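I have placed the structure first, in the form of structure tokens, so that the comments after it can refer back to it.
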Amino acid sequence: MREDVDWILENTRVWAIVGLSDNPSRAAHGVARFLQQRGKKIVPVHPSAETVHGEQGYRTLADIPFPVDVVDVFRRSEDAGQFADEAVAIGAKAVWFQLGVVDDDAYRRAKDAGLRMVMDVCPAIEWRSR
């Protein structure tokens, strides 16, 4: 998994962040800001389609009208698999399941489809440990 973490952090730019809202008390809010500060374009994906950190939000991954490199999932484990499948459907290069988000079946599906995949990991923590 370390190889996938490094590849994703080094070779991607556009991160669709599932579960990102304009609530500063949520982990996704801080991680999105961190990624922006490191040159990543963030794309909020949330049913309310809020603008967050100056970036237009979208209700679903399929609504995003441009290519996405990484689908970063801040949802419960039991809901996360659908977003891995949607990442495959939209042609993303990678899926990132945040800390506490684990779905072994989704992990295998994404890897089998040729995507880079990590789970139960935070990009902000990984970036700082490099």
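The values are calculated or read from the model by the stated rules, or taken from the named source; none is laboratory data. Predicted model, so just to flag it, every value in this text is computed and none were measured. For neighbour counting, all protein chains shown are included, and Cβ atoms are generated from backbone atoms with ideal geometry for every residue, glycine included.
Here are a few things to note about the model shown:
- Residues of segment 54-92 that are more than 14 Å from ILE17 (Cβ to Cβ) and under 11 Å from the mean Cα position of the chain (by Cα): ALA84 alone.
- Residue in segment 4-49 that is modelled with the lowest pLDDT, counting only those that are among the acidic types (Asp, Glu) and loosely packed, with under 15 Cβ neighbours inside 10 Å: ASP22
- Pair list, Cβ under 9 Å, 6 or more apart: segment 78-89 residue of a type in the set (S, T, N, Q), other residue part of a helix (DSSP H, G or I) and crowded, with 20+ Cβ neighbours inside 10 Å: GLN82/ALA106
- Filtered residues of segment 62-106 (kept if among the aromatic types (Phe, Trp, Tyr) and touching a helix residue (DSSP H, G or I) at 6+ places or on another chain (Cβ under 8 Å)): PHE74, PHE83, TRP96, PHE97
- Any hit, segment 94-113, residues being assigned to a loop (DSSP other than H, G, I, E, B), free of Cβ contacts under 8 Å to residues at least 12 places away in the same chain and not small (Gly, Ala, Ser): no
- When residues of segment 50-59 are limited to those that are in a loop (DSSP other than H, G, I, E, B) and not polar (S, T, N, Q), the one surrounded by the most Cβ atoms within 10 Å (Cβ to Cβ): GLY57
- Evaluating ALA62 against the criteria (1) assigned to a loop (DSSP other than H, G, I, E, B); (2) under 15 Å from ALA87 (Cβ atoms) leaves one unmet condition, (1).
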